[in-house]
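Since the structure comes first, as structure tokens, the remarks are kept for the end.
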Amino acid sequence: MKTHKNTNMNAHGTKPHEGMNMKPKATRAQLLAVTLLTLLVLAAGVLIAAIYGDFMMGAKNMGNGSMPGMSMGNNNSMSGSKDNASMPGMNMGETKSPVPVSSLPSAPMSSVTQMNGLVMPPGMIMTSDMSQEAMEDMAAVDLTKISYTAPSQAVGDQVLTPKIENGVKVFNLEASLIKWNILPDKQVAAYAFNRQIPGPRIRITEGDRVRIVVKNNLPDATTVHWHGMILPNKMDGPADVTQKPIEPGASYNYEFTAKQRGTYFYHSHKDVDRQQTLGMYGALIIDPKNKINIATYNKDVVVQLQEWTFKQGYTFPAMPMEGLLPNLFTINGKAYPSTETINAQVGEKIRFRFIGSNNGFIHPMHIHGGPFKIIETDGNAVPAAAQIEKDTINVAPGERYDVIWTAREKGKWLLHCHIPHHTTNDNVEVQGGGGLMMIINVT
Ligand SMILES: [Cu+2]
């Protein structure tokens, strides 16, 4: 027998929709008076601001070019010019005709600075509420703590050979500070695995049991994350979430069975915006156990992307900072023209494995000379019917795309990021470009 009734209906005894009477009580004249008063107050506000405020960022004179709001990277003096009092980063536009170049104030140059012994980036907007921890995160790599300089010609992503112990493939990774040439004349300070940028390539086969022994020789605590892997939670790597950070001088063993196949990578998971952006990442390639129905190709090329912020000989983590953005860009640890040239013959197929080891930007990676087919995304095979063809693909941080590109015609074909600033070296083009660019030489 059901006796439940809704006894809450009209519990307060009010008539339905009583509060919905929207009929205006003010007269038309009253509304008009309020509107006029509001407009008057607004106009007064604008007038006061125009008289007493200085919102204009004027053009400055630097050689022949005028550069509003531009931080020029090399200090001469803190000039007392009126333009320095303008709101930082705020450009309210020019409405008058331009001031002649000769009467423009000369550009103030900003410089790397020092704060509590830390080297801080030039042009950085530092406010009084910034914590010591935040400053340590953004400070330059301490050059006095680096004891190893890699040879100028050294390349990263070297295949790491494991030792076999009771059927387990044992890899050794060592994290330390190094100096690394991304170009013959640009030596950055980096956080590295096995003294190379990117870290060594770990190449295994689906079903392998692996143990990776991570030794921390950095001045900071760290951890390593195996990006995209299905593994036990305590092997996953996020510091202070699944494990205690590996302190300087200590080691940690990561052990798991590779259940997947495809293109993956590993990277630091402690102070990631500092450690990974400064070089702590590497490729993790898992070959399929069963080689039936897999794509065929002649060459296998790993493409790992990275941004760098390098000013006045100091290397800062390449995070988007207020007042400073990355100015150098690398593929596999080298900027063009120091990137590898891929040689191929007409008719050959190249598998490019794009790895989103980049941090602050999405790089639209483009290959000249015709489209490529996307065969895997984030390590997962794309079904044949869904393998679309493109000639440009956005590689966001963390993503992987495996594509097959066919060498159709002889010549030098470019592979590059399609954000033109990312194909310069600190705004300078060398041999037709820079940064995220490499040549495929087809003969
Ligand atoms: Cu880019």
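The values are calculated or read from the model by the stated rules, or taken from the named source; none is laboratory data. Being a predicted model, the structure only gives us computed values, none of them experimental. Quick reminder, even Gly has a Cβ in these numbers, built from the backbone with ideal geometry, and neighbours come from all protein chains shown.
The set of residues in the range 252-268 that are of a type in the set (G, A, S) and assigned to a strand (DSSP E or B) comprises G262, S268. Assessment of the range 163-183 against the conditions (assigned to a loop (DSSP other than H, G, I, E, B) and touching a strand residue (DSSP E or B) at 6+ places or on another chain (Cβ under 8 Å)) yields at least one matching residue.
Look at the range 402-427: where a residue is more than 28 Å from I294 (Cβ to Cβ) and modelled with pLDDT under 95, no partner that is assigned to a helix (DSSP H, G or I) and not basic (K, R) sits 6+ places away or on another chain with Cβ atoms under 6 Å. Of the residues making up the range 252-292, just one is basic (K, R) and in contact with a helix residue (DSSP H, G or I) (Cβ under 8 Å, 6 or more places away or on another chain), namely R274. Given the residues S102, S128, which is the only one that is surrounded by fewer than 11 Cβ atoms within 10 Å (Cβ to Cβ) and over 17 Å from M321 (Cα atoms)? Residue meeting the stated conditions: S102. Whether a residue is modelled with pLDDT of 95 or more and in a loop (DSSP other than H, G, I, E, B) was assessed, and G347 passes this test. Within the range 308-332, being of a type outside the set (A, V, I, L, M, F, W, C) and either surrounded by fewer than 24 Cβ atoms within 10 Å (Cβ to Cβ) or touching an Asp or Glu at 6+ places or on another chain (Cβ under 7 Å) (or both) holds for K311, Q312, G313, Y314, P317, P320, E322, G323, P326, N327, N332. Take I292 and decide whether it is without any contact (Cβ under 8 Å) to a residue 12 or more places away in the chain, more than 30 Å from M120 (Cα to Cα) and more than 18 Å from the chain's Cα centre (by Cα). It is true that I292 is without any contact (Cβ under 8 Å) to a residue 12 or more places away in the chain, more than 30 Å from M120 (Cα to Cα) and more than 18 Å from the chain's Cα centre (by Cα). Among the residues of the range 269-282, is there at least one that is in contact (Cβ under 8 Å) with a residue 24 or more places away in the chain, more than 16 Å from the ligand (Cβ to nearest atom), over 17 Å from the mean Cα position of the chain (by Cα) and not in a loop (DSSP other than H, G, I, E, B)? So far as the range 269-282 goes, no, none of its residues is in contact (Cβ under 8 Å) with a residue 24 or more places away in the chain, more than 16 Å from the ligand (Cβ to nearest atom), over 17 Å from the mean Cα position of the chain (by Cα) and not in a loop (DSSP other than H, G, I, E, B).
Looking only at residues in the range 423-434 that are of a type outside the set (V, I, T) and under 30 Å from G347 (Cβ atoms), the one that is nearest to the chain's Cα centre (by Cα) is G433.
In the set K244, K179, only one residue is out of contact with any Phe, Trp or Tyr (no Cβ under 7 Å at 6 or more places or on another chain) and over 19 Å from T277 (Cβ atoms); that residue is K244. Entry remark, the range 403-422: residues being within 16 Å of the ligand (Cβ to nearest atom), assigned to a strand (DSSP E or B) and not hydrophobic (A, V, I, L, M, F, W, C) number 1 in total.
Select from the range 307-334 the residues that are of a type in the set (K, R) and closer than 23 Å to Q158 by Cβ and list them in ascending order. Talk me through it step by step, then tell me what you get.
Filtering the range 307-334 down to residues of a type in the set (K, R) leaves 311, 334.
If the condition is that a residue be of a type in the set (K, R) and closer than 23 Å to Q158 by Cβ, then K334 is the only one that fits.
The residue list A381, A386 contains one member that is surrounded by 16 or more Cβ atoms within 10 Å (Cβ to Cβ) and more than 21 Å from the chain's Cα centre (by Cα), which is A381. Listed by first and then second residue, the pairs with beta-carbon distance under 6 Å, at least 6 apart or on different chains, first residue in the range 371-390 and in contact (Cβ under 8 Å) with a residue 60 or more places away in the chain, second in a strand (DSSP E or B), are I375/D402; I375/I404; E376/G262; E376/D402; D378/R400; G379/G262; G379/T263; G379/Y264.
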